[in-house]
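Every read-out reported here was derived from the displayed coordinates using simple, explicitly stated rules and does not represent laboratory data. Since we're looking at a predicted model, the values are computed, not measured. A quick note on method: Cβ atoms are made from the backbone with ideal geometry, for glycine too, and the neighbour counts reach across all protein chains shown.
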Amino acid sequence: MRYLPLTEADRGAMLGAIGVKSIDALFEDVPKAARLAGPVDLPRHAGEMEVERQLAAMAGKNLAAGSVPFFIGAGAYRHHVPATVDYLIQRGEFLTSYTPYQPEVTQGTLQYLFEFQTQVALLTGMDVANASMYDGSTATAEAVAMANRVTRRSKALVSGGLHPHYREVVETLGRYTGFAVEPQPADIAGDENLAAKIDADTSCVVVQYPSFFGRLRDHSALAAACREKGALLIVVVTEILALGALKSPGEMGADIVVGEGQSLGNALNFGGPYVGLFATREKYVRQMPGRLAGETVDADGKRGYVLTLSTREQHIRREKATSNICTNAGLCALAFTIHLSLLGETGLRDLAALNHARAVQLADRLAGVAGVDVLNDAFFNEFTVRLAKPAAPVVEALAKRRILGGLPVSRLLPSDPAAANLLLLAATETTSEADMDALVAALKEVL
Amino acid sequence: MDRSQGRSGRPTIEADATKQTFTGNRALQLEESLIFEQDSPGSTGVDLPPAPKVKSRLGGLERQGAVGLPGLSEPQVVQHYTRLSQKNYAIDMGVYPLGSCTMKHNPRLNEKMARLAGFADIHPLQPQSTVQGALEMIDLLAHWLKTLTGMPAVALSPAAGAHGELCGMVAIRAALEARGEGGQRKRVLVPESAHGTNPATAASLGFSVEPIPANRQGQVDVAAVKAALGPDVAAIMLTNPNTCGLFERDIREVADAVHEAGAYFYCDGANFNAIVGRVRPGDLGIDCMHINLHKTFSTPHGGGGPGSGPVVLSAALAPFAPYPWTVKDGDVWRAAEAGSEVNGQPFGRLKAFHGQMGMFVRALAYMLSHGSDGLWQVASDAVLNANYVLARLKDVMSPAFPGTCMHEALFDDSFLKGTGVTTLDFAKAMIDEGYHPMTMYFPLVVHGALLIEPTETQAKADLDQFVDALRHLAQKAKSGEAAAAFQAAPVLAPRRRLDETLAARKPVLRWRPPPAAQAAE
Amino acid sequence: MKRFSEEHEWISVEGDVGTVGITDYAQSQLGDIVYVEVPEAGRKLAKGGEAAVVESVKAASDVYSPVTGEVVEGNAALADNPALVNSDPMGEGWFFKVRIAEKGEMDGLMDEAGYAEFVKGLA
């Protein structure tokens, strides 16, 4: 077998050195009844060609986003990832390295994490960021847990503009870790008044920017209301590229900014792995979950990096840790940071502007289709339309025409009648005008 | 032959050479500044089409100031990250013996498969009719995991091992609540040797954590477990093979006692590599177990993630599994999600979308490659390699426990007693010999622990050289004259020991422009 | 009057206010202190309850209040200079001042000689 270097001769010699007759003898602590007599009932080993054939057959049954006009967003965005990103992250020194617990031989990882933390802090307008979380949804739940620790309160006020999956993750954690979640009705219009609902038990207010429905709101007044009432404002960003064009949550007065970093450097991957972003104010850094890389010097006085403030973490604090999180999303964070390094200031601003322009073009075209009502005045690269009929079958009909025409909101809000006719559409730099024309033509047929 | 003869002079020579280079570089080892210090304003590494002229609809929220990112061309970016990469140790370079981390070879076929457009370029919320192959692939992975563990159900969405623990323990909470015993069963038993995530997970769910001592053989004390069990116990969390690298001999007895007391058995599957294909945890009486796909099934560790932590569940816990999972209706696959028709009482959702799909593809490619016979051999060779290392080191280092081990060999620091060399010094000296250190000071139940997990993907010749190097270091330490040299190690790595106290006292967690540049802006 | 607890806290009393810190033995066991979290004024403390946190690079420990009372002041200097706990644990490295509610609780604590004997027993 190609992954196993030991030969039969090696095994014999090694057993001799150990002083046992067979490998079976090394498994004698296993209760006899649980020792299998032979391999389990699954196919036997296969060569590269056979494995490729089997997996490619399954992959071939899926409609790849890049092969058709594509308009889905809702927390996962199709962007063009420069070839350099995927080459660099596949270097074995990055790909096959572990968590940098031995800093002398992991300065590569530690330095890119330090740079990643800086980039995330700059984008979000916050003081500090950690070395990443699993994804945006789990980062959101961790942010709520952190706000509960900071405020010593235990009720989260969650916007109706938060991604429904994110809300479900927060609710699940709330139910089982012991905090209350006060969800709001779907904020389709983008005009909910959360400030009025903050009370003395509220630990945090969670809003999404741009909202799940693509709405843009300045949360500065909400931040002020939070401050006044002793709650923290958590701003969730699922399309991090938006911050290349928009005022940052930090400027609005957010206390914690969490986000999904998939848009930079990472493929759609059917939902994962992605990279959670987590940034906050300096004063809360010791309440932060997750790994942190920090600068220091070595015994010769040379600048270097280490994992630091680890007393917050589970391997030291055990049952008193800020979180049970152990890994981060190292390689996805690397893809994020390389993509952002390639873009630089100019590239980021241009890419964000291009995304916005494509979305405006799409909205303008759709506004001219009978039975389509564009709901958003303001948006970044994603907006909501109301169709004259339920959106789910329309999207299925579009798929039959090989167009992935957005997300029927009812898929994520199945019990909300107001969501039935809503369609959420995104455009990115990968969306061509021909794609938009194809969508418009097909919509005219199916509506 | 004493190998130190040829090496003893090298550190000084190297140090001098460093001083002599104008750049501070050392041949292939290049110093690299932060990317923020390489800004050439206006440069970019991407060429984008111009944005069409449209009327902005950003609602007056346009960003005013600069973000503050540096500008670099593509070759500059490539060189930056290539230089950084060369400061990392990696499995691709050699023995990476981190105990409990299973640093095995990461086949590149897995990477290639995960990048097939039909897997990598599909959106999690595409119509399910357009992702039938993806759902089929997920179901096939589930079938392999269930068959290998002998368990009836699996929850695939957890993003990592610790997340899987959370999933399993929430399922237990949900099951207890469904029995009407949620308020009453608040204690969780966790052996002292457990990984820190176990108590952290249990505590985060409001359970009180009760440590269970190990006996002298490094095994959980069954009598102590039985004494601690009662109508207020929710679960035991037990790692098997345990963090001492030993199979818990009395695991069936523990399982029976736990079940008799009405509690559940959470098995931490971090060390599944020792038994994969040879022993099914389901035959040991467990109720749930997370599987680190990045350990046993070889998805890359990537410098610390992304991981993937599916959790297999017993029939008692299966109804409480979180969204989503795959269902086959006739010939059509679908993902069960909130609001769709489901059996059971799902406890909610742990993560957006469907889990770590990219990791699923890699793990399945690995399983299909090995097959049932290959996986049998994986566990066999992993255990053989660890025992070979143990056998060849036991006369110069001090095994923590007598007898053979499973997939990792655990030593304590008694062989260093009186030498002035600590476990940390010993580990750092390995770096100069070209090895990544083993896991140190874990598990906590062994003094100055050194935990070596060679995995099955190291050739005998490489293990021999590794063992020879450790024997040399152990003998050098015992000579009693090398303490200073050990304490100075490493001297040949890109950096010498780093000042962690400074880093923690005055945390610098990001780059900031130098004051002069700020003033000039 | 200076008294010591088995958890290695010291308390020095003037009037009804006690100044609390950790002992020289405790700081030497912890190694380089990198962070100290002291209680804010007004916080009610119970004897034996968690009052402060002290961290080295690899360990975090709770500091317990040797007496019941209300915090008068936390040592703000430790935020910027936690190393004071290492350099002067019984002086400038104090953690907090507490208004003692129950003077009788002092009787249960050790005096200097008693604590020295207690530490000797740990070796």
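At-a-glance table
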| quantity | calculated |
| --- | --- |
| Under 23 Å from B:K112, Cα to Cα: lysines that are on another chain or at least 8 residues apart | A:K61, B:K104, B:K295 |
| Neighbour-limited loop hits for trypsin sites (Lys or Arg not before Pro), the stretch A:109-210 (at most 10 other Cβ within 10 Å; DSSP other than H, G, I, E, B) | A:R152 |
| Estimated [θ] at 222 nm from DSSP helical runs (n ≥ 4, -39500 (n - 2.57)) normalised by residues in chain B, nearest 500 | -11000 deg cm²/dmol |
| Assigned charges on the beta-carbon of Lys, Arg, Asp, Glu; the stretch B:177-235 dipole about Cα centre (debye) | 80 debye |
| Between helix A:164-177 and chain A: long-axis angle, C-alpha atoms, 0 to 90°, nearest 10 | 60 degrees |
| Helical mean residue ellipticity (222 nm; -39500 (n - 2.57) per DSSP H run of 4+; nearest 500) of chain A | -11500 deg cm²/dmol |
| Two-site label geometry, C:E7 and C:D88: point separation in nm, points 7 Å out along Cα→Cβ | 2.6 nm |
| Over 29 Å between alpha carbons, listed pairs B:K506/C:K120; B:K186/C:K47; A:K283/C:K120; A:K389/B:K351; A:K283/B:K186; A:K155/B:K146 | B:K506/C:K120; A:K283/C:K120; A:K389/B:K351; A:K283/B:K186; A:K155/B:K146 |
| When chain C is reduced to its Cα atoms, the Kirkwood hydrodynamic radius in Å | 14.2 Å |
| DSSP-loop GluC sites (Glu not before Pro) across the stretch A:16-82, with at most 10 other Cβ within 10 angstrom | none |
| Cut-off 13 Å between beta-carbons: net charge of the residues surrounding B:E181, Lys and Arg +1, Asp and Glu -1 | +3 |
| Label point at A:K61 placed 7 Å out along Cα→Cβ; residues across the stretch B:318-350 whose backbone nitrogen lies under 12 Å | B:327-334 |
| Helix axis angle, A:330-367 relative to chain A longest principal axis, alpha carbon, degrees | 30 degrees |
| DSSP-assigned coil residues among GluC sites (Glu not before Pro) in the stretch C:69-123, each with at most 11 further Cβ atoms within 10 Å | C:E102 |
| Whole-angstrom gap from the stretch C:1-73 to the stretch A:45-94, using each part's C-alpha centre | 56 Å |
| Gain in span if fully extended, B:S73 to B:R512, counting 0.36 nm per residue against the direct Cα distance | 155.9 nm |
| For chain B: rounded, prolate or oblate by the Cα gyration tensor [a/c cutoff 1.5] | oblate |
| Helix A:48-59 axis, angle to chain A major axis (alpha carbon atoms, nearest 10°) | 20 degrees |
| DSSP beta bridge pairing in the stretch A:79-207, given as percent antiparallel to the nearest 5 | 0 percent |
| Calculated FRET efficiency for the pair B:A459/B:K112, C-beta based, R₀ 35 Å, to 0.05 | 0.90 |
| Estimated inter-spin distance, B:V54 and B:S414, nm [label 7 Å along Cα→Cβ] | 7.3 nm |
| Inter-probe distance in nm under a simple model that places probes 7 Å from Cα toward Cβ, at B:E481 and A:R402 | 7.9 nm |
| Two-site FRET efficiency, C:R43 against C:K120, from Cβ-Cβ distance with R₀ of 35 Å, rounded to 0.05 | 0.55 |
| DSSP-defined antiparallel bridges as percent of all bridges, the protein assembly as shown, nearest 5 | 70 percent |
| Lysines with Cα under 21 Å of B:K417, excluding same-chain neighbours fewer than 8 positions away | B:K394, B:K428, B:K476, B:K478 |
